[in-house]
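The next block holds one structure in the form of C-alpha cells; read it before the comments.
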Amino acid sequence: MTPDLSVEVGGLKLRGPVLAASGTFGYGTEVPLLERRALAGMVSKGIFLKPRAGTAPSRIVETPSGMLNAIGLQGPGVDALIRDYAPKWEAWDFPVLVNINGESASEYGEVAARLDGVPGVAGFEINISCPNVEQGGMYFGNDPRAAAAVTEAVRRRTKLPVWVKLTPMVSDIGVIARAVEGAGADALSAVNTFVGMSMDLHAYQPRLSFRTGGLSGPAIRPLAVHLAHQAARAVDIPVVGVGGIMRAEDALEFLVAGCRAVQVGTATFVNPNAIADVHDGIAEFMARKGFASLDELPRYLPRD
Amino acid sequence: MFLTDAPLVERRQVARDMWVLGFAAPDIAASVKAGQFVNIGMRPGPLLRRPFSVYRAGDDRIEVLLKAVGVGTAQMLAMREGDVASCLGPLGRGFDLTLSAKTVSLVSGGLGVAPMPLAARDARAAGLQVTWVHGARTADELCSETEGDEVILATDDGSAGFAGTVVAAAPDADLVLACGPNRMLAAAAQRWPQAQVAVETYMGCGTGVCLGCAVPLTRGGYDRACTEGPVYVASDVDWPALPSHLSYAVSA
Ligand SMILES: Cc1cc2nc3c(=O)[nH]c(=O)nc-3n(C[C@H](O)[C@H](O)[C@H](O)COP(=O)(O)O)c2cc1C
Ligand code: FES
C-alpha cells in the first residue's frame with residue numbers, strides 16, 4: 001500500500017510534504033533533472049517591487065557542512081516576474097508561492113497587491129528574514145511589532161494564502177510566531193539562514209563582499225529543528241520546517257518536531273533530484289512503519 | 001545535461017602539483033564543448049560540488065585538471081581507479097569557434113590550461129591554425145601536454161621560454177581564447193577586448209539557480225558564470241569588480 005503523503009498547509013492542498021525553498025529553485029525553470037512528480041510546491045526566489053542587481057561578488061563560500069550566501073535578493077522585479085514566469089507557473093501541476101520582500105511594510109503590501117489574482121500565483125511567503133539586504137529583511141523579522149505590521153500590510157491586500165518566513169536570529173521565535181499569527185498569517189516557514197562570517201587568510205578580510213552571509217545546509221539542521229519546533233509549539237497555524245534537509249530522515253525530524261511540511265534548499269545544489277529523493281524516502285519510511293497517511297505520524301509537541 | 005556516478009579510469013601528472021584525472025562518463029564525453037565544465041561532487045566529501053573545465057573528452061571518458069589546493073581536491077587525488085565521483089554536466093556556455101577566422105591563439109596561465117586541449121581540438125576541427133601560448137610562474141609548473149601548430153611557453157621567472165606573461169608573449173590572431181587567473185584575464189582584456197575568456201568564480205549549484213556565481217558586467221548588473229558564462233567576451237566583464245583571488249575555505 002502506498003501511503004498518502006498529501007497535506008494541507010495554510011490554505012493550500014499539497015500532493016506531498018516536500019517543497020522547494022526560496023532562492024534555491026530560482027523561478028522553477030532552472031533546476032534540471034528533478035523528477036517533478038514529487039515536488040509538492042515551490043517558493044520562488046525573493047522578489048521586490050523593482051529590479052535589484054544584488055550584491056557584488058564573492059557571494060558564496062563553503063563552510064564546514066554548509067555554505068554562506070549573500071546574494072542580496074537579485075531579481076527582475078514584480079512586473080518582469082508577472083510577464084516572464086507566472087504564465088509558465090499557471091501550467092504546472094504544483095502551486096507556486098512568491099517570496100515577497102520590501103523595504104517598508106507598504107512595499108510588501110504593494111508587491112502582494114500586484115501579484116494577487118495573477119494566474120500562476122498560488123500564494124505568498126513573506127520574507128522578513130533575509131540577512132543580506134541593508135533595508136528591511138531580517139530587521140522586520142526580529143521585532144514582533146514590525147513583523148506583524150508587514151504581515152497585516154500583505155493580509156489586507158490579498159485573499160491568497162500568506163505564509164511568513166521567520167528568521168532564526170531572535171531570542172524567542174515563539175514571540176514572533178504568535179505576532180504574525182495574530183496578524184493573519186496562514187502558515188509559518190521556519191527558518192531562513194543564520195548570519196555568519198568567514199575570513200580570507202590571504203586577503204585579511206571577509207570572504208564575502210557583503211562581509212556577512214546566511215548560513216544554510218546540514219550545519220544548521222539541529223538549530224532549525226529546534227526553532228521550527230518552538231514555533232510549532234507557540235501557534236495553531238501550520239509550520240513548514242526548513243534548514244539543512246539533505247535526506248528523508250532529516251525531513252522526518254522536522255515533521256516529528258511538529259511541522260506540517262518541509263522545504264528543501266541547499267541540498268538541491270548538491271543533488272538536483274534531492275526533493276524527489278526526500279519525498280520517496282518519506283514514503284518508504286511510512287510504508288515500513290505502517291502509517292497510511294501523515295496524520296498517523298506521531299508528533300512530539302508537548303503543550304505547556 | 002547529465003548526472004552520473006563516474007568511475008575514475010585514469011590519472012597522470014602533467015606538471016609539479018598538477019594532475020589529470022579521467023572519469024568514465026559517456027554521455028558527458030559525447031556532448032561537451034570546449035570551455036564547458038562539469039560539477040564534481042564526492043560522497044563523503046565537501047558539501048558543494050566543484051566546477052572543473054573539461055580538459056579532454058572522447059572514448060566515453062572526460063578528463064579534468066586539478067591541483068591539490070584544499071581537502072576536496074586532495075580527496076579527489078587520493079581516489080583509486082574504480083572509485084566514483086558524481087559528475088554533473090556538461091554545464092555553461094563554451095568557446096564560440098563558429099566565428100569566421102583563420103587563426104586562433106589559445107592563451108593559458110597556470111591551471112587555466114584546463115579548457116585548452118578541447119579548444120585546440122575544436123579549433124582544428126573548425127580548420128583554424130592553432131597557436132598555443134602557455135605560461136606559469138616557473139618551468140616545472142608548465143603543463144607538459146600543450147600542442148598546436150605552434151607552441152609558445154612563458155615563465156614569470158624566465159626559467160623556460162619567454163620571460164614574462166603569456167599576454168605579452170602571445171601573437172595576435174583572428175580569435176583569442178584565454179583562461180587563467182582573473183588578473184591575467186583582465187590584462188588580456190586590455191590587449192584583446194574581443195578575446196573570449198573563461199572566468200573563475202565560486203559556484204553554489206553550477207546550474208543557474210543560486211545566483212552565487214555573479215560576474216559583474218560593464219553594461220551594469222551581474223549574470224551567472226555557470227549559465228551565461230563561464231566564457232565571456234573580455235570587454236563585457238567589469239574586471240575591477242570581479243574578485244581576482246578565490247580562496248576556498250574548506251577545500252577547492
Ligand atoms: C543561495 C540562497 C539563496 C536564498 N534566497 C532566499 C530568498 O530569496 N528568500 C528566502 O526567503 N530565503 C532564501 N534562502 C533561504 C532558504 O530558502 C532556506 O531558508 C535556507 O537556505 C535554509 O534551508 P537549507 O539549509 O535547506 O538551504 C536562500 C538560501 C540560499 C542558500
Ligand atoms: S553557481 Fe548557482 S547560479 Fe551559477
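For this structure, a couple of remarks:
- Single residue of the stretch A:59-85 satisfying the filter (over 22 Å from A:ILE220 (Cα atoms) and within 11 Å of chain B (Cβ to nearest Cβ)) that is surrounded by the fewest Cβ atoms within 10 Å (Cβ to Cβ): A:PRO76
Yes/no matrix, rows are residues, columns are (1) under 23 Å from B:ALA225 (Cβ atoms); (2) hydrophobic (A, V, I, L, M, F, W, C); (3) within 14 Å of chain A (Cβ to nearest Cβ):
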site: B:PHE2; (1), (2), (3): yes, yes, yes
site: B:PHE23; (1), (2), (3): yes, yes, no
site: B:GLY35; (1), (2), (3): yes, no, no
site: B:PRO46; (1), (2), (3): yes, no, yes
site: B:ARG80; (1), (2), (3): no, no, no
site: B:SER86; (1), (2), (3): yes, no, yes
site: B:LYS102; (1), (2), (3): no, no, no
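- Just so you know, in the stretch A:199-233 the residues that are among the small types (Gly, Ala, Ser) and either at pLDDT below 95 or surrounded by fewer than 18 Cβ atoms within 10 Å (Cβ to Cβ) (or both) include one that is nearest to ligand 1 (Cβ to nearest atom), and it is A:SER209.
- Top-ranked residue of the stretch B:223-235 - restricted to ones that are out of contact with any helix residue (DSSP H, G or I) (no Cβ under 7 Å at 6 or more places or on another chain) and open to solvent by less than 40 Å² (accessible area, probe 1.4 Å), ranked as nearest to ligand 2 (Cβ to nearest atom): B:CYS226
- Pick from the stretch A:13-33, criterion open to solvent by 20 Å² or more (accessible area, probe 1.4 Å) and more than 14 Å from ligand 2 (Cβ to nearest atom), ranking: nearest to A:LEU188 (Cα to Cα): A:SER22
- Filter pass, B:THR73 being hydroxyl-bearing (Ser, Thr, Tyr) and not in a strand (DSSP E or B): yes
- Flag if A:VAL43 is more than 14 Å from chain B (Cβ to nearest Cβ) and either within 20 Å of the chain's Cα centre (by Cα) or open to solvent by less than 30 Å² (accessible area, probe 1.4 Å) (or both): no
- Check on B:ALA169, buried (at least 24 other Cβ atoms within 10 Å of the Cβ), touching a strand residue (DSSP E or B) at 6+ places or on another chain (Cβ under 6 Å) and not β-branched (Val, Ile, Thr): no
- Any hit, the stretch A:49-58, residues being facing chain B (nearest Cβ under 7 Å), open to solvent by less than 20 Å² (accessible area, probe 1.4 Å) and in contact (Cβ under 8 Å) with a residue 60 or more places away in the chain: yes
- Filter result for B:VAL215 (under 19 Å from the mean Cα position of the chain (by Cα) and within 16 Å of ligand 2 (Cβ to nearest atom)): yes
- For the stretch B:211-222, a residue qualifies if it is open to solvent by 10 Å² or more (accessible area, probe 1.4 Å) and either within 16 Å of ligand 1 (Cβ to nearest atom) or at positive phi (or both), and the qualifying residues are B:LEU211, B:GLY220, B:GLY221, B:TYR222.
- Extreme residue, farthest from ligand 2 (Cβ to nearest atom), among residues of the stretch A:235-274 that are in a loop (DSSP other than H, G, I, E, B) and within 18 Å of A:PRO302 (Cα to Cα): A:ASP236
- Total residues in the stretch B:47-104, condition surrounded by 23 or more Cβ atoms within 10 Å (Cβ to Cβ) and over 16 Å from B:VAL20 (Cβ atoms): 13
- Scanning the stretch A:270-289 for residues that are of a type in the set (Val, Ile, Thr) and away from chain B (no Cβ under 14 Å) returns A:VAL278, A:ILE282.
- Complete set of residues in the stretch A:255-269 that are within 13 Å of the chain's Cα centre (by Cα), within 14 Å of another protein chain (Cβ to nearest Cβ) and small (Gly, Ala, Ser): A:GLY265
- Residue in the stretch B:159-167 that is away from ligand 1 (no atom under 16 Å from the Cβ), over 18 Å from the mean Cα position of the chain (by Cα), more than 14 Å from every other protein chain (Cβ to nearest Cβ) and at positive phi present: yes
- Restricting attention to the stretch A:275-301, the residues being under 27 Å from A:ALA219 (Cβ atoms) and assigned to a loop (DSSP other than H, G, I, E, B) number 4.
- Breaking point among (1) more than 16 Å from ligand 2 (Cβ to nearest atom); (2) within 12 Å of another protein chain (Cβ to nearest Cβ); (3) of a type outside the set (Gly, Ala, Ser); (4) open to solvent by less than 20 Å² (accessible area, probe 1.4 Å), for B:ASP238: (4)
- Among (1) more than 22 Å from A:SER44 (Cα to Cα); (2) away from ligand 2 (no atom under 16 Å from the Cβ); (3) touching a Lys or Arg at 6+ places or on another chain (Cβ under 9 Å) - the single one A:LEU208 does not satisfy: (2)
- In the stretch A:177-188, the condition of being open to solvent by 10 Å² or more (accessible area, probe 1.4 Å), more than 16 Å from ligand 2 (Cβ to nearest atom) and within 14 Å of chain B (Cβ to nearest Cβ) is met by no residue.
- When each of B:THR218, B:THR201, B:THR227, B:THR207 is tested for being more than 16 Å from A:PRO57 (Cβ to Cβ) and within 14 Å of chain A (Cβ to nearest Cβ), the lone residue that passes is B:THR207.
- Scanning the stretch B:142-160 for residues that are in contact (Cβ under 8 Å) with a residue 12 or more places away in the chain and open to solvent by 30 Å² or more (accessible area, probe 1.4 Å) yields a count of 13.
For every residue, the table says whether it meets (1) touching a residue at least 60 places away in the same chain (Cβ under 8 Å); (2) within 15 Å of ligand 1 (Cβ to nearest atom).
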| position | (1), (2) |
| --- | --- |
| A:PHE25 | yes, yes |
| A:GLU30 | no, yes |
| A:LEU33 | yes, no |
| A:ARG37 | yes, no |
| A:SER44 | no, yes |
| A:VAL78 | no, yes |
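- Scanning the stretch A:132-149 for residues that are open to solvent by 10 Å² or more (accessible area, probe 1.4 Å), of a type outside the set (D, E, K, R) and farther than 13 Å from A:SER104 by Cα turns up A:ASN142, A:PRO144.
The values are calculated or read from the model by the stated rules, or taken from the named source; none is laboratory data. Since we're looking at a predicted model, the values are computed, not measured. Backbone-built Cβ (ideal geometry, glycine too); neighbour counts: all protein chains shown. Ligands, DNA and RNA are excluded from the accessible area calculation, which covers all protein heavy atoms including side chains. Shrake-Rupley method; radii C 1.70, N 1.55, O 1.52, S 1.80 Å.
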